[in-house]
1. If you check residue 129 against the conditions, is it out of contact with any Phe, Trp or Tyr (no Cβ under 7 Å at 6 or more places or on another chain), open to solvent by less than 30 Å² (accessible area, probe 1.4 Å) and over 20 Å from residue 159 (Cβ atoms)?
2. Residues that are over 25 Å from residue 103 (Cβ atoms) and in contact (Cβ under 8 Å) with a residue 40 or more places away in the chain: which strands (runs of 3 or more DSSP E) entirely in the range 9-79 hold 3 or more of them?
3. Would you check if residue 200 is crowded, with 17+ Cβ neighbours inside 10 Å and of a type outside the set (Val, Ile, Thr)?
4. Could you pull out the residue among 103, 90 that is small (Gly, Ala, Ser) and within 29 Å of residue 4 (Cα to Cα)?
5. Please tell me if residue 116 is at pLDDT 95 or above, closer than 30 Å to residue 180 by Cβ and within 19 Å of the chain's Cα centre (by Cα).
6. Taking the range 26-49, which residues are open to solvent by 60 Å² or more (accessible area, probe 1.4 Å) and within 30 Å of residue 176 (Cα to Cα)?
7. Is it the case that the range 85-99 has a residue that's among the acidic types (Asp, Glu), surrounded by fewer than 17 Cβ atoms within 10 Å (Cβ to Cβ) and touching a helix residue (DSSP H, G or I) at 6+ places or on another chain (Cβ under 9 Å)?
Amino acid sequence: YGGSAIWLRFTLERSAEARGDWLLEVLPPYLDDLRLFEPDGAGGFRQRQAGDRQPFAAREVAYRGFVFNLQVPPGRSTYYVRLSSTSTLAAILSLWPADGYTAEVQREYLLFGIGNGLILAAGIFSLCAWLYIREPLHLNFALLAFLQLTVIFTMQGFAAQYLMPRHPAWADSLIGILVGLGTAQTYRFFDLLLQLRRHFP
């Protein structure tokens with residue numbers, strides 16, 4: 001955390017016979033301001049900008065994170081990435097061949113779907129159990145599961161991609177709100193589960 005920008009530098013070395021089209025993926029999806037500086041071939045740099053404060057339609061690739069198309073020239077090329085964010089300041093950079101990226105994203109989205117589907121099923125099961133036996137613990141677990149599902153959905157960039165592609169500020173603000181609500185419900189659930197007020201007044 002902090003108000004300062006962080007700079008990263010990396011160098012790519014490409015042989016003349018190797019492919020030149022690559023994709024640079026930068027995660028996590030909640031980085032506020034992300035800038036890539038790439039060589040312009042004339043001794044200077046071109047700047048390209050991304051971040052969760054920009055509309056989703058402005059992204060080069062329709063993906064929950066940030067992806068830059070790179071045309072890597074033969075020889076050695078040095079790139080710079082500037083990061084700044086009001087939330088956790090971290091970066092995971094991955095370089096992908098352009099023609100294999102779509103299949104990789106499909107596999108990733110499938111795994112997210114399975115994981116989130118299990119959380120959703122647990123929440124629905126607990127809600128049904130509460131409707132049947134009226135045990136408050138089941139209702140609180142269902143609320144916890146649904147809130148955690150929305151936190152994951154928002155933090156991983158899916159809300160910005162699918163629900164609010166034209167309203168990046170809303171999607172960005174929603175992360176903090178949902179994390180706060182999810183944390184509060186977590187404490188509420190464990191308070192009931194462990195009966196803290198009775199055992200540890």
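The values are calculated or read from the model by the stated rules, or taken from the named source; none is laboratory data. Note that the structure is a prediction, hence the values are computed from the model and not measured. Because the Cβ atoms are built from the backbone with ideal geometry, glycine has one as well, and the counts that use them run over all protein chains shown. Accessible surface is based on the protein model in full, side chains and every heavy atom, while ligands, DNA and RNA are left aside. Shrake-Rupley method; radii C 1.70, N 1.55, O 1.52, S 1.80 Å.
1. On the way: out of contact with any Phe, Trp or Tyr (no Cβ under 7 Å at 6 or more places or on another chain): yes; open to solvent by less than 30 Å² (accessible area, probe 1.4 Å): yes; over 20 Å from residue 159 (Cβ atoms): yes.
Yes, satisfied.
2. Working: elements: 21-27, 33-39, 45-50, 66-71.
By residue number, 33-39.
3. no
4. On the way: 103 fails: within 29 Å of residue 4 (Cα to Cα).
One residue alone meets the criteria, 90.
5. Details: at pLDDT 95 or above: yes; closer than 30 Å to residue 180 by Cβ: yes; within 19 Å of the chain's Cα centre (by Cα): yes.
The answer is yes for residue 116.
6. Listed by number, the residues that qualify are 35, 47, 49.
7. Scanning the range 85-99 turns up no residue that is among the acidic types (Asp, Glu), surrounded by fewer than 17 Cβ atoms within 10 Å (Cβ to Cβ) and touching a helix residue (DSSP H, G or I) at 6+ places or on another chain (Cβ under 9 Å).
Listed here are the residues, each with its yes/no results for (1) open to solvent by 50 Å² or more (accessible area, probe 1.4 Å); (2) of a type in the set (Lys, Arg).
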site	(1), (2)
138	yes, no
141	yes, no
144	no, no
157	no, no
164	no, no
180	no, no
184	yes, no
188	yes, yes
